[in-house]
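Just below is one structure, and these are the notes that go with it.
The values are calculated or read from the model by the stated rules, or taken from the named source; none is laboratory data. What you are looking at is a predicted structure, and each value in this text was computed from that prediction instead of being measured. Glycine gets a Cβ as well: all are built from the backbone with ideal geometry, and neighbour counts include every protein chain shown. Calculation scope for accessible area: heavy atoms of the full protein, side chains included, ligands and nucleic acids excluded. Shrake-Rupley method; radii C 1.70, N 1.55, O 1.52, S 1.80 Å.
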Protein chains: 2
Amino acid sequence: MIPTKDRRRVVIEGVEPEIDGGRFPIKRTLGERVIVEADVFADGHDAVACVLQYRKEQDPGWHEAPMRSLSNDRWRAEFQVTAMGRYRYTITAWVDHFLSWRNELNKRVDPKDIEIALQMGAQLLQETAARVGRSNTAWLKKQAQFLSSDDALAARTQVALGEALAYKMACYPDRRSATTYERELAVVVDDERARFSSWYELFPRSWGAVDRHGTFKDVEAELPYITAMGFDVLYLPPIHPIGRINRKGKNNSLVGEPDDVGSPWAIGSHEGGHKSIHTDLGTLEDFRRLVAKARNHGIEMALDIALQCAPDHPYVRDHPTWFRRRPDGTVQYAENPPKKYQDIYPFHFETEDRRPLYEEIKSVFLFWLEQGVRIFRVDNPHTKPCPLWEWIIGEIKRDHPQVIFLSEAFTRPKVMYRLARLGFSQSYTYFAWRNTKQELIDYLTELTRTEVREYFRPNFWPNTPDILTEYLQFGGRSAFQVRLVLAGTLAANYGIYGPAFELCEHTPREPGSEEYLSSEKYEIRNWDLNRTDSLKDFVGRLNRIRRENPALQSDCSLRFHPTDNEQLICYSKATEDMSNLILVVVNLDPWHLQSGWVELLLDELRLEPDRPYQLHDLLSDARYLWHGPKNYVALDSDVLPAHIFRLRRRIRSERDFDYFM
Amino acid sequence: MIPTKDRRRVVIEGVEPEIDGGRFPIKRTLGERVIVEADVFADGHDAVACVLQYRKEQDPGWHEAPMRSLSNDRWRAEFQVTAMGRYRYTITAWVDHFLSWRNELNKRVDPKDIEIALQMGAQLLQETAARVGRSNTAWLKKQAQFLSSDDALAARTQVALGEALAYKMACYPDRRSATTYERELAVVVDDERARFSSWYELFPRSWGAVDRHGTFKDVEAELPYITAMGFDVLYLPPIHPIGRINRKGKNNSLVGEPDDVGSPWAIGSHEGGHKSIHTDLGTLEDFRRLVAKARNHGIEMALDIALQCAPDHPYVRDHPTWFRRRPDGTVQYAENPPKKYQDIYPFHFETEDRRPLYEEIKSVFLFWLEQGVRIFRVDNPHTKPCPLWEWIIGEIKRDHPQVIFLSEAFTRPKVMYRLARLGFSQSYTYFAWRNTKQELIDYLTELTRTEVREYFRPNFWPNTPDILTEYLQFGGRSAFQVRLVLAGTLAANYGIYGPAFELCEHTPREPGSEEYLSSEKYEIRNWDLNRTDSLKDFVGRLNRIRRENPALQSDCSLRFHPTDNEQLICYSKATEDMSNLILVVVNLDPWHLQSGWVELLLDELRLEPDRPYQLHDLLSDARYLWHGPKNYVALDSDVLPAHIFRLRRRIRSERDFDYFM
């Protein structure tokens, strides 16, 4: 094919952001900006004009933002997303013949050349007027006549190069040979809570009176406790009937006692399955009331969706093809040899009978949406097929764009990132196992300074019912403070599993294990929420700081600053306009006082090297005056292992008095 | 759409090499390898199998190479390209149920579990036999019977985990739910000369007797001179009739004398155009003979294709729509204001009448192909539309895959790289203006250590008829040696414009200019090829070193080694098997002796830190013994400003005598 029909001389390439050649959308939350850059150029010396085009996916027409040229043929523009759902963006560029002509005229010296150029310009104006063909092009025609008239060269050149003409011609671009980038790229716009959220996980059955199974009503009664700590997402493990066949006993023992309550993740019994509520927790009505009351406290309920069944789940009886059978006729239970989970049957996603299975799974999400749930924490999504997630999340978010999906994929990095690209709004991370300064810097750099940040929103958890790290086991109370401050200031999304966390529960089931002793996964615990050594006030302070400082409500601005002590980590976050600027220093050593020099990257913080600045520690309320990049810090873990400074540039001095004016 | 028909559980992503999401092919030369890597994984714990598929584009079926797992879900395989033209490659992967089962069986401990696993294995074998349905699956069925028999568990487990069964099952993979990567990627395979070539540019008209216009026959007579210097590409500026209208005079003067010969790039007169030969050079028959004779000397002829016309080119008369008219009726000449080229009319590629223009341009290439030319040096391709090049090069190489196109695009980097992606086999570079150590390291790192190397083959020229750099103007004879050694050892493709180069011609037309005084572009020069200060023997030595050392015949292995003197640059190149290893040290200061310590990256060179190695300087024939990473070098520009060492690991010592055995 001869490309003679192809008049497109402009090349558009190197578009960013663009994930996997446009295969996946990027993510934003309501009100955020999308900054788009591209390499745009044409053959020869002609000038190029370039616009960023964007629209809500369902809208018919594009909005356009002119792109401005940076250097080295790089162009940039941005747009703001103001509605939840999907946006599209692409780029269109064309050779701007008027601007090319104007640039050349500007370089002309010889009057003969200028005369010819003016004649050519007049021609171009006439052609434009003819092409546009509107009545208000009379002005243009008049200019054309003037350019080709006998008037003085200087006068005509002045009009030719004038802003008025340039402005008018920019209104009538000749885009007949424009190049439009070959891909329409997508943005998924989520609720703000997808970017900034503070999660609290609890087992409702432990929140009753001593020796009684807790209920939704008990949780409802404790909402003020959770609110006082400042959380805005309340996450409940599965609330469905728990299987009785092969039910695990306390501490995950293979054979339980008759009164053992079992694991909430062993879902389903003769009382019902994924759309039923465990009768000991209350009724569906109770649940809906809890959802509503929590919302009144500014708290959204997050539900755990674990796509697996106890042996006595109704699905097992009603849909035998949804499970794998072993040669002895029994159903295949979950295994990761030599580990066995006899109380759990995984779905057989390779079954020939997939359609009803997929539809049923979707209906589970829809059912809880109808009960008021807007956030789903999905259990082990990496053990289910990728196409399932892309379909389900796409289906749900098409009609309910505000829904948030948290991926609990503690698995290999490539799989974790793929799930994020497939549509999960947030993801658990490796944070729990990143403890040293270099580990934290490396991991956060990957999350916030590479393409990963366009689609993967980390949610940092210092503990979960499955994860009691060695750092927490051995580090004492200050270890909990350290990990809380790190989670809540490094990541805009974070969460704790409580009350185990605020009560510094730190005993593992056995040495070398990351499982809790007497884990709530298998038994009811009674927590003394009012213990004097509880961290609840500290947690409350941290969450208040997060709420009051927009710098901590997103992750892109994170920068690390050098320190000369491996146990001291220092980093900053700021709003785009730098009006809110937070500087954090943490002593990673939970046992000793550590001191040293931090060296701030003043340019990154837009601080002048020769003016002092004030640091207000939002944890201790102390204030410091610093000057220049190098400053001394000492943090005693026994007192408070971290500073969270609000940094203020403006310090009153004698220059503020009138007589300096 | 419910993805229930989609059984593909394997994800394939992050494929490398892949240019712009598969929009452009990568490049290789005959016999080279294509190493392909990808991230490949599935949900859950199942084992994955993965093959690289490749074929010549016109072949119907794929060859397959099993990919091997590296770490972090990365897989790798390679294939060799053994024919010129286009290859395709992609990746197919699937969940390997047998391997998954085998891995699990390996972890089983409980005899009851092992028994069930064996039964499941037997089932899998039976299913496989049924699916394959061939007579030679009897063995498989026998194994299935044995696995499910009453024989001892240990005996059956041994067979189940045995290599024989694994080998057989690998012959019958179940690929019904295989994922094939969504893109077929392409490789353009060129002649070896696209990777390794030594160019010599000359103006034939200067090669006659004094005061006579040189001819093809004169060049033919001097082929031994060019051969002695070791070049294998002879590049001639345009050989067509030169326009007489507005012909430029000596030193690019606007008005020439009647006997001025004009610029060969002002193509066309009443005697003919792009398919004609300047009568003073000889006949078409002479040209064909020169091509053939050169080939006998191992030299390929490269022709200059400059898509532009002198005002008296027949095209101007016969195809008025191929040129832009100015308002005064004259044809628009080439301009880059305030510079003017009144002797040259560019084509108007935006004309409505493009098809005959494009076809004519294609026919120019085909015409010279028929005369035996296999290499085209394309003048200023960046001032012609990109779609033209992609089409022309695609068309020509489809039928003539051995043809090489060199892009003379001295323009902005993005445009330069785009032209390479569109199909140019080699490209001029910024080498001429990269003189300091850091400039050279930065530029070569970009060319050889980034994705650029997959599609952009640099051709390094220390000088051209348009480029006499300040370094050459002021650096004296050793500056020419320095730049020659750098060009010929940093880049496998390089060239010089001679005899200006070997005769160290260094006077610019005026101070601050990069144009030669009395440039051959506008007049006939008489060169004394036998001057005693000629670098011809030095050039010959360098080219012999290049020919004899395969390490210097490609660019991917280039590594820089630190030195403690900014004027000393040190780098190495090696063959893949390290059998040929070249180490170069150059004194970049053409005025002074420079000395210092070089610090070899021993790991990169696979040298042991505790054994000595020998350096044989292929320029001076001197030999040195070095030991460990740090060694001293002194280079006197007045003597010889560079070492080109062949590095030999094996050094005889007393341990080689029998009594040490």
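Explain nothing, just the number: relative contact order of chain A, from Cα pairs under 8 Å at least 6 residues apart, as a whole percent.
10
So for the protein assembly as shown: antiparallel DSSP bridges make up what percent, rounded to the nearest 5?
70
When the stretch B:98-171 is described by a simple charge dipole with +1 on each Lys and Arg Cβ and -1 on each Asp and Glu Cβ, the residue from B:A122, B:T157, B:T137 located farthest towards its positive end is B:T137. Taking every Cα-Cα distance in the stretch B:514-661 and sorting them into 10 Å bins from zero, the calculated P(r) comes out as 10, 32, 31, 17, 8, 2, 1, 0 percent. Each copy carries a label point for A:W597 at 7 Å from Cα toward Cβ; from one copy, the others' points are 2.7 nm away, ordered from shortest.
Annotation: for a label point projected 7 angstrom from Cα along Cα→Cβ of B:Y632, residues of the stretch B:598-626 with backbone N closer than 18 Å are B:598-600, B:613, B:615, B:623-626.
Here is how far apart the A:R295 label points are across copies: 8.2 nm, shortest first, using a point 7 Å from Cα toward Cβ. Put a dot 7 Å past the Cα of A:D603, heading toward its Cβ, do the same for B:H400, and the two dots end up 5.2 nm apart. Ranked from largest, the principal axis spans of the Cα set of chain B equal 107, 75, 42 Å.
Going Cα to Cα from A:K397, which lysines come in below 21 Å? Please leave out same-chain ones fewer than 8 positions away. Answer for A:K397, where 21 Å is the Cα cut-off: A:K27, A:K56, A:K275, A:K362, A:K384, listed by chain and number.
Its DSSP H runs of at least 4 residues, each contributing -39,500 (n - 2.57), put the calculated 222 nm mean residue ellipticity of chain A at -8500 deg cm²/dmol, to the nearest 500. Subtracting the Cα-Cα distance of B:R288 and B:D59 from their residue separation scaled by 0.36 nm leaves 78.9 nm.
Taking a straight Cα-Cα cut-off under 25 Å and skipping sequence neighbours fewer than 8 places away in the same chain, the lysines within cross-link reach of A:K437 are A:K414, A:K573, A:K630.
Along the charge dipole of chain B, which of B:N526, B:T429, B:P465 sits closest to the positive end, that is, farthest toward it, with unit charges on the beta carbon of Lys, Arg, Asp and Glu (+1, +1, -1, -1)? In chain B, that residue is B:T429.
Within chain B, what percent of beta bridges assigned by DSSP are antiparallel, to the nearest 5?
70
Think of a 1.4 Å ball rolled over the protein heavy atoms: chain A then has 41 Å² of accessible area per residue. Carbon-plus-sulfur accessible fraction, the protein assembly as shown (probe radius 1.4 Å, protein heavy atoms only): 49%.
Using only the alpha-carbon atoms of the stretch B:98-171 as identical scatterers, what base-10 log of I(q)/I(0) does the Debye formula give at q = 0.14, 0.15 Å⁻¹? After summing over all Cα pairs, the log10 values are -0.38, -0.43. For the stretch A:127-260, the calculated P(r) over all alpha carbon pairs, in 5 Å bins from 0 to the bin holding the longest distance, is 2, 7, 9, 10, 8, 6, 5, 4, 4, 3, 3, 4, 5, 5, 6, 5, 5, 4, 3, 2, 1, 0 percent. The stretch between A:E370 and A:S177, if pulled fully straight at 0.36 nm per residue, gains 64.4 nm over its current Cα-Cα span. With each label modelled as a point 7 angstrom along the Cα→C-beta vector, the B:K217-A:N72 pair spans 5.4 nm.
For the stretch B:401-447, taking Cα atoms only, Rg and Dmax work out to 12.0, 38 Å respectively. Could you tell me the calculated FRET efficiency between A:E184 and B:R33, based on Cβ-Cβ distance and R0 = 30 angstrom, to the nearest 0.05? Once rounded, the FRET efficiency stands at 0.20. Work out the FRET efficiency for A:L153 and B:K340 from their Cβ-Cβ distance, taking R0 = 22 Å, and round it to the nearest 0.05. After rounding, the FRET efficiency stands at 0.70. Please work out the FRET efficiency for the pair B:D328 and A:R449, using the Cβ-Cβ distance as r and a Förster radius of 60 Å; give the result to the nearest 0.05. Rounded to the nearest 0.05, the efficiency is 0.55.
Extension gain, A:D20 to A:W591, is 201.0 nm, computed as 0.36 nm per intervening residue step minus the present C-alpha separation.
The residues neighbouring A:A310, those whose beta-carbon lies less than 13 Å from its own, together hold a net charge of +1 under the Lys/Arg +1, Asp/Glu -1 convention.
Where does the charge balance sit around A:N435 when Lys and Arg score +1, Asp and Glu -1, over other residues with C-beta under 11 Å from its C-beta? Neighbour charge sum, excluding A:N435 itself: 0. Copy B relates to copy A by a rotation, and the B residue whose beta-carbon is nearest that axis, with the distance in whole angstrom, is B:G21, 2.
Placing a label point 7 Å from the Cα of B:R325 along the Cα-to-Cβ direction, the distances to the matching points in the other copies come to 8.6 nm, shortest first. Under a no-solvent Debye model with one identical scatterer per Cα of the protein assembly as shown, what's log10 I(q)/I(0) at q = 0.04, 0.06 Å⁻¹? The Cα Debye sum returns log10 ratios of -0.33, -0.73. So what's the net charge close to B:Q58: Lys and Arg +1, Asp and Glu -1, counting the other residues with Cβ under 11 Å from its Cβ? Result for the neighbourhood of B:Q58: +3.
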